[in-house]
Amino acid sequence: MTLRVLTFLCLAALAGCSADNVNSPLEFFPGSQATSWADCGKFGNGGNVVQVCAALVNQPGTMTPASYSISFYLPSPMEVRIAVYDAHGAMMKVLLASNEPATIGQFRQPPIEWDLTGPQGQRVPSGNYRVYMRAGDAFLSSSDVAIP
């Protein structure tokens, strides 16, 4: 019995899954289409659709990115999950997993910040990452982020 449990755990670890499927982008965010959240000019008077925009924020006085700042608008209260994955689909970090109230104003304050660190708190290496956002049952989006 112990050997079967150990074998299952090893296979699960190799597959990169977890009990709540948080390590699998296809399970955690099924059907998500890659998009860019760089167009922050789309925020207007709100409306009845979820809106999201994001940008790399540089360290003061440098061209070195310090964080990835994510702003969003919710027309009504809903569960929001935002997570970062590397180019191989391995989860780097869950940035937000909570029930959020409807947004008051142009977008949520404060924005969600990814400090460009991985699961152990170390800075991630240069490369391509994908940030996924799910809001409620109807909104699913992702944005590619290139970290120099």
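Could you count how many residues in segment 94-133 are surrounded by 16 or more Cβ atoms within 10 Å (Cβ to Cβ), at pLDDT below 95 and on the phi > 0 side of the Ramachandran plot?
Within segment 94-133, residues that are surrounded by 16 or more Cβ atoms within 10 Å (Cβ to Cβ), at pLDDT below 95 and on the phi > 0 side of the Ramachandran plot number 0.
Here's the yes/no breakdown for (1) buried (at least 16 other Cβ atoms within 10 Å of the Cβ); (2) modelled with pLDDT of 95 or more:
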site: Ala38; (1), (2): no, no
site: Asn45; (1), (2): no, no
site: Gln51; (1), (2): yes, no
site: Pro60; (1), (2): no, no
site: Ser67; (1), (2): yes, yes
site: Met78; (1), (2): yes, yes
site: Tyr85; (1), (2): yes, no
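Restricting to segment 118-146, count the residues that are assigned to a strand (DSSP E or B) and either over 25 Å from Met63 (Cβ atoms) or in contact with a Lys or Arg (Cβ under 9 Å, 6 or more places away or on another chain) (or both).
Looking only at segment 118-146, we keep the residues that are assigned to a strand (DSSP E or B), and these are 123, 127-135, 139-146.
Checking the rest, the ones that are also either over 25 Å from Met63 (Cβ atoms) or in contact with a Lys or Arg (Cβ under 9 Å, 6 or more places away or on another chain) (or both) come to 132-135, 139-145.
Residues flagged as assigned to a strand (DSSP E or B) and either over 25 Å from Met63 (Cβ atoms) or in contact with a Lys or Arg (Cβ under 9 Å, 6 or more places away or on another chain) (or both) within segment 118-146 amount to 11.
Among Leu74, Leu56, which is more than 15 Å from Met133 (Cβ to Cβ), among the hydrophobic types (A, V, I, L, M, F, W, C) and crowded, with 16+ Cβ neighbours inside 10 Å? It would help to see each step written out before you state the result.
Numbers: Leu74 fails: more than 15 Å from Met133 (Cβ to Cβ).
Testing whether each residue is more than 15 Å from Met133 (Cβ to Cβ), among the hydrophobic types (A, V, I, L, M, F, W, C) and crowded, with 16+ Cβ neighbours inside 10 Å leaves just Leu56.
The values are calculated or read from the model by the stated rules, or taken from the named source; none is laboratory data. In this text the structure is predicted, and so the values were computed from the model without any measurement. Neighbour counts run over all protein chains shown; Cβ positions are idealised from the backbone, glycine included.
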